[in-house]
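Asks: Got a structure here, written out as structure tokens. Questions coming.
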Amino acid sequence: MKVNTVIIGAGVVGSSIARELSRFDVSIAVLERASDVCEGTSKANSGIVHAGFDAVPGTKKAYFNVRGSKKMEALSKELDFAYRRNGSIVLSFNKEDRPKLEELLKRGEANGVEGLKILSGDEIRKMEPNISDEVVEALYAPTGGIVCPFNLTIAMAENASVNGAKFFFNTEVTGIEKTSEGFKITTNGEEFLADTVINAAGVYADRIHNMVCSDKIKITARKGEYCLYDKKVGGTVSSTIFQLPGAYGKGVLVTPTVHGNLLIGPTATDTEDKEAVNTTAVGLDSLQATGGKSIKAVPFRSVITSFAGLRAHPEGDDFIIGESTVPGFFDAAGIESPGLSAAPAIGEFLAGEVAKKLSAKEKSDFKAARKGIPNVALASPEEKQRLVKENPMYANVICRCELVTEGEIVDAIKRPLGATTLDGVKRRTRAGMGRCQAGFCSPKTLEILARELNVPIESLTKHGPGSEFLSPHKSV
Amino acid sequence: MKTKIAIIGGGPAGLAAAIAAKEAGVEEVLIIERDRVLGGILNQCIHNGFGLHTFKEELTGPEYAARFIEKAKELNVEALLNTIVIDISRDKVITAMSAEKGVFTIEAEAIVLAMGCRERPRGALNTPGYRPAGIYSAGTAQRYVNIEGKMPGHDVVILGSGDIGLIMARRMTLEGAKVHAVAELMPYSGGLKRNIVQCLDDFDIPLKLSTTVVDIAGKDRVESVTLAKVDAKNKPIPGTEEIIKCDTLLLSCGLLPENELSSQMGVDLSPITGGPRVDESLETDIDGVFACGNVLHVHDLVDYVSKEATEAGEHAAEFVKGASKRDSEAAIGIETGNGVRYTVPVCIRKSRLRDLLTVRFRVGNVYKDPEICVYLGDKCIQRRKKQICAPGEMEQVILKKTDIEAMNSGETIRIAIENESK
């Protein structure tokens, strides 16, 4: 297939670039090795929209973080995904750490973060009664927020698709060659020929970059483990609670999620294996201990799941964004934290660069708005009534814990870039994300998937080929 | 709409409560059931062993349920199927939703909570490892095999020796799977002795006590699990790891009463059972709201569920007939003595007692040759010898109204396990 631009990776960064580039008169192919969008780092992170006080002024991290964070609210309305500005707090447990708090404050101000202030332990405890008594001071950032990382990614990808970008799943890039006709991209399937290539391959961005460029980069997979807690303890804190780096290890936060759960994590361990999204006993234990320093009591018994994600850590500590040494080959590499916050701005920037390169014009028929799946659980009684009248399937509850209906699941399957896997349904609707973790609803969800996709139930997977749920009967 | 008694859930507890209320003369009894059929989880329990106490014969789950469903039909118990309750207010207005009726409300004079329980998922165990396909709760696997006719996998390890796990060890074996082991964290099984014999021993499936899963391998589908022995504090002992190649891990690690609705409406719940605290009439702290079956506390046998739910239905009937309002009478507390984890009920009001009261409870450990003792104040009025008491089996004592009436004010009832052999 011949296109103007190939984007490698359909995580939050690739999807954002695809969406922004689909404003232009450019043919786009997004190649994703997994079976869905949002299958890598984008699905397993803190879901935080960082205010932007952490990144060193002048870095790409600082620039894109602050700009992304400022765009997030409007974007959440335009593309209909969950986002809430809940504020961030950095705790200090030691009077002597005052300079460190001040350093963050200064950095934030230099980065253009608004409303930062240092508060006393008592002032913080008034805001957050469950904060540890050992906290002496804290930095408060009212512009910090939380977002649904799944629907942020899905919404941008869907919108890109509606605007003409083509997505190719289960498509792994095996080689890239610059030829006189453009970049020849070989995959496990189809071959692509593109004028420009954008590398948004997450932890594998080094492999992709190094296929083309002589100046090699290295991306290290840095594992982060998390524990997610029941919604009944979701109110333990209302802001996102960080600790001053150094005091009790680095970066374990305690935060409500945008859906009302409590999340504690991540750990940070470098791993050679870029597929190692397994949790470990050591990691999970340390989370409880480290995260536990921030709050009075960790609700151990209310854990509903744990998971791990891999950050794409670059050697130079800063994002690698822009055209590489090979003209027409662009990188969005090393997008570790605050990558989720920065993604909308990275997309905007790179789309602009690529459009310039291709001398592409903005389309007049770009559809900027996207309407998400109706959320029956959050709908008012009147809205529920209206939905059910429109389609009785909105009354058939499939996931009891999160109150997700058949109507929503069918929507998730039928919409652009619809779900084809159980995890795909889960990330789009929350079916199976509740306290029973899909015990009751997975058989029913599989049944709906099989019916709507018109495939045998045995062929259905959790997250793509190899992860089939059921196995054929063996003849005895 | 309006009704006299609304029953939330049409499983064994809801059915028995509805039948009892109807038989006690209440005209309007309404079951609200989220599934498309009545009978609850019994429908997927196609093994036998149900009804030995109730019907003096061995029935399968669906057969046991059918007897109650037919009885309920005979009595014209009304049932709303495919209907999910989304909220219950303290003044007993139920908000429900169905494809047929949309969102609607039901005003009830009394409510019987009979929502049952659910299984503890992998996430709640915080088991490290990957998160591939092939990890199911035992009940989910049971549904696949018995209702959908599908196999979840062929090489199976089971974590937890709860009854559903034991039943599924046998079921998967009969379907041609190899069940390599059942691992149990505790030094004793959480299931019934008869299930260990009939489901594991008879099929040579090893039960590994004081053992847990410490790792799950396989990114897409389960490839192996690592078992390890645990110490007295349930911490894995390094060096005892054993890797078992398998494609499926079933979990049977405990059942949790499903009290989201109860908790939303403000019913006082016990942290031990996860179910409402009830008095002698199985009435919660909210007047006219009763609870029975696994939503109240997890039972071992459905026969006991039916019995308890019958009582709840009768008490709800008395309530709507105005015969049984709680007054200012102080309740007598039932205390848990040595070895007793909880009791149902937790308190008694003398004026509402029937001649005999069944107090159900579970013990916290395995006791050999113990005595189950009942104290009224300082006085021991019952001392019953048993061969064994185990956490997997529910126990009960029966109190006489005449004994309770003789108690002095300020005294409490205490149930304890004593004189077990070490």
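Asks: Run B:Leu174 past the list (1) within 30 Å of B:Gly293 (Cβ to Cβ); (2) hydrophobic (A, V, I, L, M, F, W, C); (3) in contact with a strand residue (DSSP E or B) (Cβ under 7 Å, 6 or more places away or on another chain) and report the number of the one that doesn't hold.
Replies: Of everything listed in (1) within 30 Å of B:Gly293 (Cβ to Cβ); (2) hydrophobic (A, V, I, L, M, F, W, C); (3) in contact with a strand residue (DSSP E or B) (Cβ under 7 Å, 6 or more places away or on another chain), B:Leu174 misses just condition (3).
Asks: Restricting to the stretch A:262-277, what's the tally of residues that are away from every other protein chain (no Cβ under 12 Å), of a type in the set (A, V, I, L, M, F, W, C) and crowded, with 21+ Cβ neighbours inside 10 Å?
Replies: Number of matching residues: 2.
Asks: Restricting attention to the stretch B:223-233, and to residues there that are β-branched (Val, Ile, Thr) and closer than 30 Å to B:Arg194 by Cβ, which single residue is surrounded by the most Cβ atoms within 10 Å (Cβ to Cβ)?
Replies: Going through the qualifying residues, I end up with B:Val225.
Asks: Kindly indicate whether B:Leu356 is outside the structural domain of B:Leu192 (by TED's automatic domain parsing), loosely packed, with under 15 Cβ neighbours inside 10 Å, more than 25 Å from B:Tyr188 (Cβ to Cβ) and among the hydrophobic types (A, V, I, L, M, F, W, C).
Replies: yes
Asks: Sticking with this one: Could you list, in sequence order, the residues of the stretch B:369-416 that are in a loop (DSSP other than H, G, I, E, B), over 20 Å from B:Leu192 (Cα atoms) and acidic (Asp, Glu)?
Replies: Passing the criteria: B:Asp378, B:Glu411.
Asks: Of B:Leu159, B:Leu166, which residue is crowded, with 23+ Cβ neighbours inside 10 Å and under 21 Å from B:Gly61 (Cα atoms)?
Replies: Step by step, each of B:Leu159, B:Leu166 is checked, and only B:Leu166 is crowded, with 23+ Cβ neighbours inside 10 Å and under 21 Å from B:Gly61 (Cα atoms).
Asks: Scan the stretch B:4-18 for residues that are buried (at least 23 other Cβ atoms within 10 Å of the Cβ) and more than 19 Å from the chain's Cα centre (by Cα) and jot them down.
Replies: Result: B:Ile5, B:Ala6.
Asks: Could you count how many residues in the stretch A:420-451 are within 11 Å of chain B (Cβ to nearest Cβ), farther than 15 Å from A:Asn261 by Cβ and of a type outside the set (A, V, I, L, M)?
Replies: 9
Asks: On the given criteria, is B:Asp287 farther than 16 Å from B:Ile334 by Cβ, charged (D, E, K, R) and in the same structural domain as B:Glu314 (by TED's automatic domain parsing)?
Replies: Judged against the criteria, B:Asp287 is a match.
Asks: Give the residues of the stretch B:250-269 that are within 13 Å of chain A (Cβ to nearest Cβ) and in contact with a Leu (Cβ under 8 Å, 6 or more places away or on another chain), sorted by residue number.
Replies: Residues satisfying the conditions are B:Leu250, B:Leu251, B:Ser252, B:Cys253, B:Pro257, B:Asn259, B:Leu261, B:Ser262, B:Ser263.
Asks: Next question, about the same structure. Quick one: count up the residues across the stretch B:234-255 that are surrounded by fewer than 19 Cβ atoms within 10 Å (Cβ to Cβ), assigned to a strand (DSSP E or B) and of a type in the set (A, V, I, L, M).
Replies: The qualifying residues number 2.
Asks: Take B:Val182 and decide whether it is at pLDDT 95 or above and within 14 Å of another protein chain (Cβ to nearest Cβ).
Replies: The answer is no for B:Val182.
Asks: Counting only residues that are closer than 30 Å to A:Glu402 by Cα and in contact (Cβ under 8 Å) with a residue 12 or more places away in the chain, how many does the stretch A:360-378 have?
Replies: Looking only at that region, the number is 10.
Asks: Moving to a separate point now. Name the single residue, out of those in the stretch A:94-115 being of a type in the set (Gly, Ala, Ser) and not in a loop (DSSP other than H, G, I, E, B), that is surrounded by the fewest Cβ atoms within 10 Å (Cβ to Cβ).
Replies: This residue is A:Ala110.
Okay, residues lined up against (1) within 22 Å of the chain's Cα centre (by Cα); (2) of a type in the set (A, V, I, L, M, F, W, C); (3) surrounded by fewer than 22 Cβ atoms within 10 Å (Cβ to Cβ):
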site: A:Ala221; (1), (2), (3): yes, yes, no
site: A:Lys231; (1), (2), (3): yes, no, yes
site: A:Gly234; (1), (2), (3): yes, no, yes
site: A:Pro245; (1), (2), (3): no, no, yes
site: A:Val252; (1), (2), (3): yes, yes, no
site: A:Gly260; (1), (2), (3): yes, no, yes
site: A:Gly283; (1), (2), (3): yes, no, no
site: A:Leu287; (1), (2), (3): yes, yes, no
site: A:Gly292; (1), (2), (3): no, no, yes
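Asks: Looking at (1) touching a Gly at 6+ places or on another chain (Cβ under 9 Å); (2) touching a residue at least 60 places away in the same chain (Cβ under 8 Å), which is the one condition that is false for B:Leu227?
Replies: Only one criterion in (1) touching a Gly at 6+ places or on another chain (Cβ under 9 Å); (2) touching a residue at least 60 places away in the same chain (Cβ under 8 Å) is unmet by B:Leu227, namely (1).
Asks: I've got another one for you. State whether one or more residues within the stretch A:278-290 are away from chain B (no Cβ under 13 Å) and within 22 Å of A:Ala221 (Cα to Cα).
Replies: yes
Asks: A further question follows. Of the numbered conditions (1) assigned by TED's automatic domain parsing to the domain that holds B:Pro132; (2) within 17 Å of the chain's Cα centre (by Cα); (3) acidic (Asp, Glu), B:Glu260 fails exactly one; give the number of that condition.
Replies: (1)
Per-residue answers, yes or no, for (1) in contact with a His (Cβ under 8 Å, 6 or more places away or on another chain); (2) at pLDDT 95 or above:
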residue: A:Glu336; (1), (2): yes, yes
residue: A:Glu362; (1), (2): no, yes
residue: A:Pro381; (1), (2): no, no
residue: A:Cys401; (1), (2): no, no
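Asks: One residue is enough: does the stretch B:292-303 have a residue meeting the conditions touching a Gly at 6+ places or on another chain (Cβ under 8 Å) and in a strand (DSSP E or B)?
Replies: Scanning the stretch B:292-303 turns up no residue that is touching a Gly at 6+ places or on another chain (Cβ under 8 Å) and in a strand (DSSP E or B).
Asks: Being over 25 Å from the mean Cα position of the chain (by Cα), in a strand (DSSP E or B), crowded, with 22+ Cβ neighbours inside 10 Å and among the aliphatic types (A, V, I, L, M) is true for just one of A:Ile118, A:Ile146, A:Ile176, A:Ile89. Which residue is that?
Replies: A:Ile176 is the lone residue from the list that is over 25 Å from the mean Cα position of the chain (by Cα), in a strand (DSSP E or B), crowded, with 22+ Cβ neighbours inside 10 Å and among the aliphatic types (A, V, I, L, M).
Asks: Of the residues A:Leu310, A:Leu228, A:Leu287, only one is in contact (Cβ under 8 Å) with a residue 60 or more places away in the chain, more than 30 Å from B:Glu260 (Cα to Cα) and not aromatic (Phe, Trp, Tyr); which?
Replies: Selected residue: A:Leu310, the only one of A:Leu310, A:Leu228, A:Leu287 that is in contact (Cβ under 8 Å) with a residue 60 or more places away in the chain, more than 30 Å from B:Glu260 (Cα to Cα) and not aromatic (Phe, Trp, Tyr).
Asks: When the residues of the stretch B:141-156 are narrowed to those that are surrounded by fewer than 21 Cβ atoms within 10 Å (Cβ to Cβ) and not aliphatic (A, V, I, L, M), which ends up nearest to B:Asp300 (Cα to Cα)?
Replies: B:Asn146
Asks: Identify all residues within the stretch A:46-79 that are crowded, with 21+ Cβ neighbours inside 10 Å and outside any helix (DSSP H, G or I); write none if there are none.
Replies: A:Ser46, A:Gly47, A:Ile48, A:Val49, A:His50, A:Ala51, A:Gly52, A:Phe53, A:Asp54, A:Ala55
Asks: To continue, here is another question. Taking the stretch A:263-284, which residues are hydrophobic (A, V, I, L, M, F, W, C) and without any contact (Cβ under 8 Å) to a residue 40 or more places away in the chain?
Replies: Within the stretch A:263-284, A:Ile264, A:Ala281, A:Val282 qualify.
The values are calculated or read from the model by the stated rules, or taken from the named source; none is laboratory data. In this text the structure is predicted, and so the values were computed from the model without any measurement. Note that each Cβ is placed from the backbone with ideal geometry, even for glycine, and that neighbours are counted across all protein chains shown.
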